[in-house]
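Derivation of every value follows stated rules applied to the coordinates shown; laboratory data play no part. Being a predicted model, the structure only gives us computed values, none of them experimental. Cβ placement follows ideal geometry from the backbone for every residue including glycine, while neighbour counts extend to all protein chains displayed.
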Amino acid sequence: MPSTDRRTRARELVMQAICQMDVQGASVLEMLAVFFSENTDDGATRQLAEKWSKGVWDSLAECDKLITTAAAKWELSRLNQVDRSILRLGAYQLKYCPDIPAKVVINEAIELAKKYSAESSPAFVNGVMDAIYKKLKTDSDSKCEK
């Protein structure tokens, strides 16, 4: 299985895990390994999914702040759970995974929204992810100038 398929599958699993964490809290972290092994036979996919899930959970406040800033007219609590989970994963990857090109992160988030969310979600996710990317890029550029 090519690595892009692994990463795509890992993102799907992470989005599902984040939805569970949203409902059940940190207790889900203990169950992640079981959940991932029940949903994929591929060890590399499981490892990625576990790493990203824990990363999102550990940086949840920062990810939520990025989303809230980018989606100024929307309260985070009012977003549907799937969109919120997709955006949290995307925000995490844009901020903490410099090895993944921003274009890929944004495109994968849009694809997740197409597959798992409402008809209007891909455009919404695209807009929010683009705003997060621009904010992070501006913050990064201003740090480099100092």
Which listed residue, of THR68, THR45, is under 18 Å from ARG9 (Cα atoms), touching a helix residue (DSSP H, G or I) at 6+ places or on another chain (Cβ under 8 Å), among the hydroxyl-bearing types (Ser, Thr, Tyr) and part of a helix (DSSP H, G or I): THR45
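State whether the residues of region 78-94 include one that is out of contact with any Lys or Arg (no Cβ under 7 Å at 6 or more places or on another chain), farther than 17 Å from ASP22 by Cβ, in a helix (DSSP H, G or I) and not aromatic (Phe, Trp, Tyr). It would help to see each step written out before you state the result.
So in region 78-94, the residues out of contact with any Lys or Arg (no Cβ under 7 Å at 6 or more places or on another chain) come out as 78-88, 90-94.
This time we only want the ones that are farther than 17 Å from ASP22 by Cβ, so: 93-94.
Still in the list and also in a helix (DSSP H, G or I): 93-94.
If we keep only those that are not aromatic (Phe, Trp, Tyr) too, we end up with 93-94.
The answer is yes; a qualifying residue exists.
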Region 60-75, subset touching a Lys or Arg at 6+ places or on another chain (Cβ under 8 Å) and hydrophobic (A, V, I, L, M, F, W, C), residue nearest to GLN93 (Cα to Cα): CYS63
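On the given criteria, is VAL104 aliphatic (A, V, I, L, M) and either surrounded by fewer than 16 Cβ atoms within 10 Å (Cβ to Cβ) or on the phi > 0 side of the Ramachandran plot (or both)?
Details: aliphatic (A, V, I, L, M): yes; either surrounded by fewer than 16 Cβ atoms within 10 Å (Cβ to Cβ) or on the phi > 0 side of the Ramachandran plot (or both): yes.
Spelling it out, VAL104 is indeed aliphatic (A, V, I, L, M) and either surrounded by fewer than 16 Cβ atoms within 10 Å (Cβ to Cβ) or on the phi > 0 side of the Ramachandran plot (or both).
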Options SER37, SER77; residue that is farther than 22 Å from ARG6 by Cβ, polar (S, T, N, Q) and without any contact (Cβ under 8 Å) to a residue 12 or more places away in the chain: SER77
Which listed residue, of ALA71, ALA61, is free of Cβ contacts under 8 Å to residues at least 40 places away in the same chain and of a type in the set (Gly, Ala, Ser): ALA61
Cβ pairs under 8 Å, 6+ apart, first in region 42-57 and touching a residue at least 24 places away in the same chain (Cβ under 8 Å), second among the β-branched types (Val, Ile, Thr) and part of a helix (DSSP H, G or I): ALA49/VAL14; TRP52/VAL14; SER53/VAL14; SER53/ILE18; VAL56/VAL14; VAL56/ILE18; TRP57/ILE18
